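The values are calculated or read from the model by the stated rules, or taken from the named source; none is laboratory data. Source: prediction; values computed, not measured. Glycine gets a Cβ as well: all are built from the backbone with ideal geometry, and neighbour counts include every protein chain shown. These accessible areas exclude ligands, DNA and RNA; they are computed on the full protein's heavy atoms, side chains included. Shrake-Rupley method; radii C 1.70, N 1.55, O 1.52, S 1.80 Å.
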Amino acid sequence: MKRTWSMPQALGRTSEILRESLGISPVVADILAQRGFRQPEEAIEFLRPTLLNLFSPFCFHDMRRVVERLSLALKQKEKVLVYGDYDVDGVTSTTLLYKVLSDLGFQAVTYIPHRQDEGYGLHSEAIERAAKAGVSVLITVDCGVTAVPEVVLARTLGIDVIITDHHEAPEILPEAFAILNPKLANSGYPFRDLAGVGVAFKLAQALLQALGNHEVGIHSEIKFLDLVALGTIADLVPLVGENRIFVHYGLLQMKETLHTGLGALLEECGLRHKPLKAGQIGFVVAPRINAVGRMDSARVGLELLLTEDLERANELAHLLTQENQSRQEIEQVILAEAVALVEREPLPRVIVLSSNRWHHGVIGIVASRLVERYYRPVFMIVEEGEEAKGSARGISGYPVLEQLSTQAHLLTKFGGHRAAAGFSLRSDDIERFRAGLNKQASAFEETLFQEELKIDRHVSLDAITGPLLHELEQMAPFGFGNPGPILASKGIPVHSINTVGKERSHLKFRFGSQGEQEGIAFRQGERLQELNCGTRLDVAFSLDWNTFRGPEDVQLMIKDIQVEADWRERPLAVKEVSSHVYQEIAATQDEAEMEWLDWRNLQRAEWPLPSNKGRIWVWDATVGGLPGLQTWNEFLEVHTQAENPLTKPATLKLNLIQEDEEGLGLIHGLPLTEEDWREGVEKLRQIGITRIALAGFQTIHEERIRQRCGFVAREELIGIYRALLSQAKEGNPFRWGSDPKITRNGQIALKIFEELGLIRCLGGTSTNEISLEWVPAQSKLDLDSSLRYRNAKKWLDRAKTFQRELLETVLDKNGLDWKDV
């Protein structure tokens, strides 16, 4: 199916700020701006992920309760069961938590249900067996949040259930001892998109911090991040926020993994001791673990990740490869049958297929393949006598779980996410299920079912260089939520086209007048004749290194190619719109003229305020922290009581204008930075204010500006550097931050030193205590090579220049054009 190519709206000013502040190319600056990064500081935290930005595991409201219960279990030598799931997320979660519990001295055991015999989730039979085996604490990982009756059973059998899960929660929750799930409205955790293994890691962090010792403690956290990365990538959670940090550092750790089984699996995949990308893990490593869970029992994958016997690990890794090959063969058979079923009738809005011959463990993958082929939501069902089990995959804008819920009256069980789900129903209800889903789908716009290829940036052929690819790689790891950038060029000269590969199924291009740029289009060989007729083509592509032609040779990985593509402009998503975007869009439209009032030299009692003070809004830059928008009464109360706590706001005498006037905006206090000034003016414009008074401007102490810009002076950095070095000489690795606590400047300094390669964070959180490893410098350090330090210094210089100019600006009868300040 031919796709439309959508180009984003330009955000020139935001992109320009990012480009100038970070020293990056216009291409990467535009992409960052389009992905929601408005300030250089936000972009830096994205481009330079750090473990120092991880949230404390004790943000979970139930975490202290969990740690107290497990501390008691450790003391009383109770048996603790880790109950997992059969996919990669579940297997890595089980592995990680079992290893941490065992290292800390717990009597821990594991259990993963059989996919075919038991199915997903917590099962009564397994709980009863656990009780007979003497288990008194059961911890679920990657499951459990829907297990209401099973938890009741466990309680009656004397088992305390601790649920760690990340799936969407039902209205009625299990009455468990505790629930750790970031998707609960009252979980307390700031980041809701953790994978199951991410939640398990948070529990592991808390246990290592609370119960750790010299042998096992917060310094041990780093060695588990490869397992966290594996599960996070495989579960297709958004690679943003903490997930991005986990995967970034997990891939580095995986290269030199300390887990025997994982090392053997990487060796089996030909990836041992090599730099790793998220895509390699998602498409090469993870499917092998998933395969045994789909085809037989995930316990084989669990044994592989737990074993410390290298010979057994190699044996199991090879077995996983064989199982994956078997899965691929079965997948191809089912896919061929499914395609035949789809193509014998007109294409519906929702594809619902069923058969009694298919393997339940593979239908989810086949559903994904059909989505790729037809761009329709797909529901694949295996009939097993009177009962049937299904797996669903969606398209952008189609909420799978929500749509499933509309057919709840036909389902015996269902659960999942917005993009994928599993369900069960009676075989006799399949036809009604199909009709019901398609009836619901008729409410969607037709455009929902038209595939859109989202282009990140249009580029010319000569802009495609090695330095550009190096910059783009700083945006990795790529995956769901942070896709690899797709570039596009219009009318590229085609020098030559050839089919390549064993079955001549791929197309190899040479672009440019001299054939200087190479491109490859996989599985497009049948289009040779169609594309060979034009001398110029529209090409959408990502970039990668061509390892066959040298490390600096860049090639185009073609995503789509057309003689003439259907180009469209892509509107900004609501979540991408901020005041900065409004500001840029407004700049292209007619705006009301601004009226500026100069009260900078007036005392507050002299301000000629309108009588209707309900129309006065204040952007106050004098209070601590970030400036904000206030009503006049809020502003008056804060400042009156700050100056004289015994004075009530109502007693202050003011020189008021008696007649009612239009709304008035007041910028109070000299803004610390140009960004604060622009945001204040734009906030006022958004609520309809066109008269703005400047008041209370006074020179500000430079230290306040430094704090606002996140700048730590060289002298202070040297002092922190020496303190770290002194601590490292006493013992390396070492703990930092328990006494005294890490200050804000201290956190900034640690991030700068980490960026420079001087320290390596091994675990802990910067709000409490962290474990650091000192890395001796191999050459003379240059602070300006740190993106954080360089940007903060530039920002400070800009802020001081801006303030000086703003103080010296003269307001005359023509007013002030704030955009020129």
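Residues in region 685-702 that are in a helix (DSSP H, G or I), under 34 Å from the mean Cα position of the chain (by Cα) and surrounded by fewer than 15 Cβ atoms within 10 Å (Cβ to Cβ): 686 only. Only one of the numbered conditions (1) more than 18 Å from residue 286 (Cβ to Cβ); (2) open to solvent by 70 Å² or more (accessible area, probe 1.4 Å) is violated by residue 318, and that is (1). Which one is surrounded by the most Cβ atoms within 10 Å (Cβ to Cβ) among residues in region 709-740 that are part of a loop (DSSP other than H, G, I, E, B) and touching a residue at least 24 places away in the same chain (Cβ under 8 Å)? Per the stated criteria, the residue is 712.
Scanning region 481-517 for residues that are on the phi < 0 side of the Ramachandran plot and not in a strand (DSSP E or B) returns 483, 484, 485, 486, 502, 503, 505, 513, 514, 516. Of all residues in region 63-112 being aromatic (Phe, Trp, Tyr) and in a strand (DSSP E or B), which is most open to solvent (accessible area, probe 1.4 Å)? Restricting to residues being aromatic (Phe, Trp, Tyr) and in a strand (DSSP E or B), the top hit is 111.
Condition check for residue 784 on (1) over 22 Å from residue 22 (Cα atoms); (2) at pLDDT below 95: one failure, at (1). If you go through region 324-336 one residue at a time, do you hit one that is touching a helix residue (DSSP H, G or I) at 6+ places or on another chain (Cβ under 8 Å) and open to solvent by 60 Å² or more (accessible area, probe 1.4 Å)? Scanning region 324-336 turns up no residue that is touching a helix residue (DSSP H, G or I) at 6+ places or on another chain (Cβ under 8 Å) and open to solvent by 60 Å² or more (accessible area, probe 1.4 Å).
Identify, by number, the condition in (1) within 30 Å of residue 473 (Cβ to Cβ); (2) more than 31 Å from the chain's Cα centre (by Cα) that residue 311 doesn't meet. For residue 311, the failing item is (1). Take residue 406 and decide whether it is at pLDDT below 95, hydroxyl-bearing (Ser, Thr, Tyr) and surrounded by fewer than 19 Cβ atoms within 10 Å (Cβ to Cβ). Taking the combined requirement at face value, the residue does not satisfy it. Could we say that residue 484 is open to solvent by 20 Å² or more (accessible area, probe 1.4 Å) and at pLDDT 95 or above here? For residue 484, the condition - open to solvent by 20 Å² or more (accessible area, probe 1.4 Å) and at pLDDT 95 or above - is met.
As a summary of the residue check, residue 772 satisfies the conditions (1) of a type in the set (A, V, I, L, M); (2) open to solvent by less than 70 Å² (accessible area, probe 1.4 Å); (3) assigned to a loop (DSSP other than H, G, I, E, B); (4) more than 20 Å from residue 708 (Cα to Cα) except for the one numbered (3). In region 544-599, the qualifying residues are those that are out of contact with any helix residue (DSSP H, G or I) (no Cβ under 7 Å at 6 or more places or on another chain), hydroxyl-bearing (Ser, Thr, Tyr) and loosely packed, with under 15 Cβ neighbours inside 10 Å, and the one that is modelled with the lowest pLDDT is 588. Scanning region 404-424 for residues that are in contact with a helix residue (DSSP H, G or I) (Cβ under 6 Å, 6 or more places away or on another chain) and either farther than 29 Å from residue 193 by Cβ or part of a helix (DSSP H, G or I) (or both) gives a single hit, 410. Consider region 518-563 and keep the residues that are part of a loop (DSSP other than H, G, I, E, B) and among the basic types (Lys, Arg). The one that is nearest to the chain's Cα centre (by Cα) is 523.
Each row is one residue, and each column tells you yes or no for (1) part of a loop (DSSP other than H, G, I, E, B); (2) crowded, with 17+ Cβ neighbours inside 10 Å; (3) on the phi > 0 side of the Ramachandran plot; (4) more than 20 Å from the chain's Cα centre (by Cα).
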residue: 125; (1), (2), (3), (4): no, no, no, yes
residue: 129; (1), (2), (3), (4): no, no, no, yes
residue: 169; (1), (2), (3), (4): yes, yes, no, yes
residue: 186; (1), (2), (3), (4): yes, no, no, yes
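Close contacts from region 101-117, counting a first residue that is among the charged types (D, E, K, R) and a second that is open to solvent by 40 Å² or more (accessible area, probe 1.4 Å), with Cβ to Cβ under 9 Å and a gap of 6+ residues or different chains, come to 103/215; 115/296.
I'm checking my understanding of the structure. Among residues of region 381-403 that are assigned to a loop (DSSP other than H, G, I, E, B) and of a type outside the set (A, V, I, L, M), which one is nearest to residue 235 (Cα to Cα)?
Ranking the candidates gives 394 first.
Which residue pairs have Cβ atoms under 8 Å apart, sit 6 or more places apart or on different chains, and have a first residue in region 127-147 that is under 14 Å from residue 112 (Cβ atoms) and a second that is of a type in the set (Ser, Thr, Tyr) and in a loop (DSSP other than H, G, I, E, B)? Filtered contacts from region 127-147: 143/120.
Residue-wise test of (1) among the aromatic types (Phe, Trp, Tyr); (2) touching a His at 6+ places or on another chain (Cβ under 9 Å); (3) touching a residue at least 60 places away in the same chain (Cβ under 8 Å).
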| site | (1), (2), (3) |
| --- | --- |
| 754 | no, no, yes |
| 762 | no, yes, yes |
| 782 | no, no, no |
| 785 | no, no, no |
| 803 | no, no, yes |
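Cβ-Cβ distances below 6 Å connect the following pairs, each with a first residue in region 162-186 that is over 19 Å from residue 401 (Cβ atoms), a second residue that is at pLDDT 95 or above and aromatic (Phe, Trp, Tyr), and a separation of six or more residues or different chains: 162/177; 180/60. Scan region 470-506 for residues that are hydrophobic (A, V, I, L, M, F, W, C) and more than 22 Å from residue 521 (Cβ to Cβ) and the total you get is 3.
For the subset of region 171-183 comprising residues that are open to solvent by 20 Å² or more (accessible area, probe 1.4 Å) and modelled with pLDDT of 95 or more, which member is nearest to residue 421 (Cα to Cα)?
The extreme case among them is 183.
Restricting 809, 767 to residues that are under 22 Å from residue 218 (Cα atoms), out of contact with any helix residue (DSSP H, G or I) (no Cβ under 8 Å at 6 or more places or on another chain), surrounded by 14 or more Cβ atoms within 10 Å (Cβ to Cβ) and at pLDDT below 85 narrows the list to 767.
Of everything in region 7-28, what is assigned to a helix (DSSP H, G or I) and hydrophobic (A, V, I, L, M, F, W, C)? Give them in sequence order.
Within region 7-28, 17, 18, 22, 27, 28 meet the criteria.
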